[in-house]
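Here, each number is a calculation from the coordinates, and none is a lab measurement. Keep in mind that what you see is a predicted model, and the values were worked out from it rather than measured. Backbone-built Cβ (ideal geometry, glycine too); neighbour counts: all protein chains shown.
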């Protein structure tokens with residue numbers, strides 16, 4: 001196993017301190033916003049991350065799977 005140099009350790013510590021300071025600044029800006037705006041931003045982020053709902057399907061019916069494969073040229077009878 002390779003040992004980490006003191007120089008690399010110091011660099012990573014400085015980088016970690018910098019990232020922690022940036023995160024603290026972002027958190028302070030967030031907490032300075034009115035509650036309603038914070039909630040609205042949270043909802044927007046949640047909506048972006050939520051996948052579109054899929055229509056219900058019968059797991060045992062493979063016909064749709066094969067029809068789609070045929071349309072895309074991935075399956076031949």
Residue 38 and residue 19 label points (each 7 Å along its Cα→Cβ direction) are spaced in nm at 2.5 nm
Where a ≥ b ≥ c are root eigenvalues of the Cα gyration tensor, a/c under 1.5 meaning rounded, otherwise prolate if a/b exceeds b/c and oblate otherwise, the chain counts as oblate
Rounded to one decimal in nm, the spacing of the 7 Å Cα→Cβ label points at residue 50 and residue 1 is 4.5 nm
Here the gain from full extension of residue 27 to residue 76, 0.36 nm per residue of separation minus their alpha-carbon distance, amounts to 12.0 nm
